[in-house]
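Step one of this worksheet: look at the structure below.
The values are calculated or read from the model by the stated rules, or taken from the named source; none is laboratory data. In this text, all values refer to a predicted model and were calculated from it rather than measured experimentally. A quick note on method: Cβ atoms are made from the backbone with ideal geometry, for glycine too, and the neighbour counts reach across all protein chains shown. These accessible areas exclude ligands, DNA and RNA; they are computed on the full protein's heavy atoms, side chains included. Shrake-Rupley method; radii C 1.70, N 1.55, O 1.52, S 1.80 Å.
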Amino acid sequence: DFPISDAVRETAESFADFAESKGHVLQLDIAPGLTYCGDEYAIRQLVSILLDNAVKYAAPEVSIVFSLEKGRHGVVIRTENQCDALDTAALGRLFDRFYRADPARSAETGGFGIGLAIARSIAEGHHGTIRAESPDGRTVIFTAELR
């Protein structure tokens, strides 16, 4: 077991300046005092991937909401923000290796298209799941449920 609330808060707070440099406010809603039995380094990497993705792809001047809460069988990590354009039909493919929802943005955002595939591997390695959804076609919510 490790203090996941502390680890997640520390990792998330390290993205505040990056978010601000891109014109975003990072809002953290992290439940205090949670512990979790898992790989702390991998969980920190999962948080980093989700926040890096949110900052890079959020629409200009929108807030990014990041949360950690106790789930029914573990913990739930979530990011929520608005995007400029979102192909809701492709949400399930975002976790495929090398998949790019918008290939034109590859040079702009950097990376190789493997971050979310790694995030899925981390979630599954912790007997959990990760998904992307967009209730309105503009807001994107990534939810990782770890058991």
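With loop membership from DSSP and a limit of 11 other Cβ atoms within 10 Å, the longest segment of the chain without chymotrypsin sites (Phe, Trp or Tyr not before Pro) is 1-97. Only protein heavy atoms count here; under a 1.4 Å probe, K56 has an accessible surface of about 60 Å². Placing H127, H73 in order of accessible area, with the largest value first and a 1.4 Å probe, yields H127, H73. Pick from P135, P32, P60: which residue has the top mean-square fluctuation in a GNM of the chain where Cα pairs under 10 Å get a spring? Between P135, P32, P60, it is P135 that shows the largest mean-square fluctuation. Could you tell me what percent of the accessible area of the chain is made up of carbon and sulfur, with a 1.4 Å probe and every protein chain present? Heavy-atom surface of the chain belonging to carbon and sulfur, 1.4 Å probe: 49 percent. The magnitude of the dipole of the chain, with charges of +1 and -1 set on the Cβ of Lys/Arg and Asp/Glu and taken from the Cα centre, is near 420 debye.
In the complete set of protein chains, residue-level accessible area for S67 is approximately 10 Å², probe 1.4 angstrom. When nucleic acids and ligands are ignored and a 1.4 Å probe is applied, T88 ends up with an accessible area of around 70 Å². Computed extension gain for E69 through T35, at 0.36 nm per residue and net of the alpha carbon distance, reaches 11.2 nm. Surface analysis of the chain yields an accessible area of 53 Å² per residue, using protein heavy atoms and a 1.4 Å probe.
Extension gain for A89 to L28 (0.36 nm times residue separation, less C-alpha to C-alpha distance): 19.1 nm.
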